[in-house]
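Quick notes on the structure that follows.
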Amino acid sequence: MRFLLDNNLSPKTARALAALGYDVVHLRDELAADAADEVWMAECARRGWVAISHERNIQAKPSLRQGLEACGLTILFLPRSMASLDPRKMTIALLQAWPKIVEAAESARPGQRCYSVRLDGRVEPLI
């Protein structure tokens, strides 16, 4: 299962996770750096990948929410408190949550494809 880190996460984090053997790529390495949310979400879903992002506004904007639901993308949202972490600390935080991230991605089903990753490593579905 391949994971794509959104532009709001450092490419260094994606490279560190990949170097550790995880199937992780960064958006900028796969698509245009300025790809609109609708574009990268649809392409990520088409490729069967799972997205990880800080950008919770995807769920708040009706047009993005509809696009997310239409394309069937599974996406995990990180808490805002993690946004300020440097790439090394972000990598460590993701590694701690990784088993739960994979579990959520594997159990995703239509109507339940959005999850929240908590600071303590828990991953919970978003309603």
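What is the spin-label model distance, in nm, from Ala32 to Leu20 if the labels are put 7 Å beyond Cα along the C-beta direction?
So the two model labels end up 3.3 nm from each other.
What shape does the stretch 1-80 take by its C-alpha gyration tensor, where a ≥ b ≥ c are the square roots of the eigenvalues and a/c under 1.5 counts as rounded, a/b above b/c as prolate, and the rest as oblate?
Prolate, because a/c is 1.5 or more and a/b exceeds b/c.
What is the distance in Å between the Cα centroid of the stretch 70-127 and that of the stretch 3-17?
13 Å
Which helices count as membrane-span-like in the chain under these terms: full DSSP H, at least 15 Å along the axis by C-alpha, Kyte-Doolittle mean of -1.0 or more?
87-107
Considering amide H positions built from the backbone, and no H for Pro or chain starts, which residues 5 or more places from Val50, or on another chain, come under 5 Å of its amide H?
Counting only residues 5 or more places away or on other chains, the set is Arg2, Phe3, Leu4.
Read-outs: derived from the displayed coordinates by stated rules, not from any lab. Keep in mind that this is a model prediction, so the values were computed, not measured. Note that we place each Cβ from the backbone using ideal geometry, even for glycine, and neighbour counts take in every protein chain shown.
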